[in-house]
Structures are given as structure tokens and as C-alpha cells.
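Enquirer: Take this structure, written in C-alpha cells, and hold onto it; I'll ask about it next.
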Ligand SMILES: N[C@@H](CCC(=O)N[C@@H](CS)C(=O)NCC(=O)O)C(=O)O
């Protein structure tokens, strides 16, 4: 999404994660995607890659000008990694991965708590920081899974109207459409 937002030229190399090649493992030391190969260096961890791209390519800026604002964006990026993603992943994949009913219930409660925090932050704001930033992009990778959970009735998204409006705003951007 950041590459598209900034109109950066890039090539995509798809990898088979069930059969990782030596070439891929040389570029991605933990065998994970995404990984960005730039000027002979591999960069990984999507939030870190996104900050790198925002530093190197000026426009449009996806981090606030002031240090406090940047710190808050990083807090939301950590929230996406530590709360939002793991709880969605567990609720979505839990039964297939052998989690018990109790573990699934716990994951659902964590997900509802994460959604409530987002709902609160988005009150009166179009995006997490008001302006569109890397904080929004950090969450977007799981919007699809969240929609699937909403459709199956497992997550009542209608109870989080600010979150729903935010998801729609992000999904409506060309950078999102080009990335899914
Ligand atoms: N925190 C990492 C997560 C990367 C990650 O877990 N990627 C998954 C795909 S979404 C992956 O490559 N899984 C393959 C594996 O773990 O073998 C990031 O944001 O880049």
C-alpha cells in the first residue's frame, strides 16, 4: 500500500511459502513475507519497511511532522501487531489450528476489546490519527479476515460503526485496491 500511495516503481516476486527456495531464504532470513530488496539490502518487518519508504520517498508523507505524532503512530503500529492481528488470526484460524473452545472464547474477547479501543480512537476521526498515516496501513492487512468473520456472524462489526466507516475509507483507496 505504501509503494502504491507514493507511486514508487517496484517489482513483485511471489513466493511459495510452503516450499521456500534457497534464494528466498537468503533475502528473507526468517522465511517470511513481505521483504523488500533494495540497493542490495533486504528489509523486512512491514512496519519498519513502511517507515523506511516514508523516509526515503517524500510525498505524500505518511508520518506526522511532530515527534509526538510519530510516536503515537508507532504505538498504533504496535497495537496492530500485538493485539489486532493476533486476536483476528486466532478467531479466524483457531478451530483449524486446534485451539479449545475456551481459548477461542478468550481470543474473541481480546478481539472485541481491540475493536472497542479502535472504535473509541476513531470517534470524530476519519483515520486513527485524523490524517491518513502508517497507523491505518498497519491494520489494513487484516480487514479482509475481519470481513469474513463479520459475514459468518462471528464478529458483529455493526456494533463498531466508527471502525466500519474507517475500514470502508481505507478499502476505498486506490492503494488498497491495488494491493489485495
Ligand atoms: N511481523 C511481520 C509478519 C510477517 C509474517 O508473519 N508473514 C507471514 C505471511 S502474512 C509469513 O510470511 N508466513 C510464512 C511463515 O511464517 O512461514 C511483518 O509485519 O512483516
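Enquirer: Report the rotationally averaged projected area of the stretch 67-179 based on its alpha-carbon convex hull, in square nanometres.
Expert: 7.2
Enquirer: Which of these, 123, 23, 168, has the largest mean-square fluctuation under a Gaussian network model of the chain (Cα springs below 10 Å)?
Expert: Looking only at 123, 23, 168, the largest GNM fluctuation is found for 23.
Enquirer: Alpha carbon centre of the stretch 112-147 versus the stretch 57-102: separation in Å?
Expert: Answer, in whole Å: 9.
Enquirer: Counting just the Cα atoms, what span does the stretch 2-56 cover along each of its three principal axes? Round to the nearest Å and put the largest first.
Expert: 32, 19, 16
Enquirer: Would you mind computing, in nm to one decimal, how far apart the modelled labels at residue 81 and residue 41 are, each placed 7 Å from Cα along Cα→Cβ?
Expert: Taking the simple label geometry, residue 81 and residue 41 are separated by 1.7 nm.
Enquirer: Applying 1/(1 + (r/R0)^6) with R0 = 25 Å to the Cβ-Cβ distance of residue 125 and residue 145, what FRET efficiency is obtained, to the nearest 0.05?
Expert: 0.60
Enquirer: Still on this structure, please answer the following. Sort 59, 179 so that the residue with the fewest other Cβ atoms within 10 Å of its own Cβ comes first and the one with the most comes last.
Expert: 59, 179
Enquirer: Of the residues 47, 150, 66, which exhibits the maximal mean-square fluctuation in a Gaussian network model of the chain defined by a 10 Å Cα contact cut-off?
Expert: Maximum fluctuation in the GNM of the chain, among the listed residues, is at 66.
Enquirer: Could you calculate the FRET efficiency of residue 48 with residue 152 from 1/(1 + (r/R0)^6), where r is the beta carbon distance between them and R0 is 25 Å, rounded to 0.05?
Expert: 0.15
Enquirer: Here's another thing I want to ask about it. For every helix of n ≥ 4 consecutive DSSP H residues, a contribution of -39,500 (n - 2.57) applies; sum these over the chain, divide by its total residues, and give [θ] at 222 nm rounded to the nearest 500 deg cm²/dmol.
Expert: -15500 deg cm²/dmol
Enquirer: Then there's this: For a label point 7 angstrom out from the Cα of residue 61 toward its Cβ, which stretches of the stretch 71-95 have the backbone nitrogen within less than 16 Å?
Expert: 71-74
Rule-based calculations on the coordinates, nothing more; no lab input. Every value quoted in this text rests on a predicted model; they were computed, and no experiment measured them. Backbone-built Cβ (ideal geometry, glycine too); neighbour counts: all protein chains shown.
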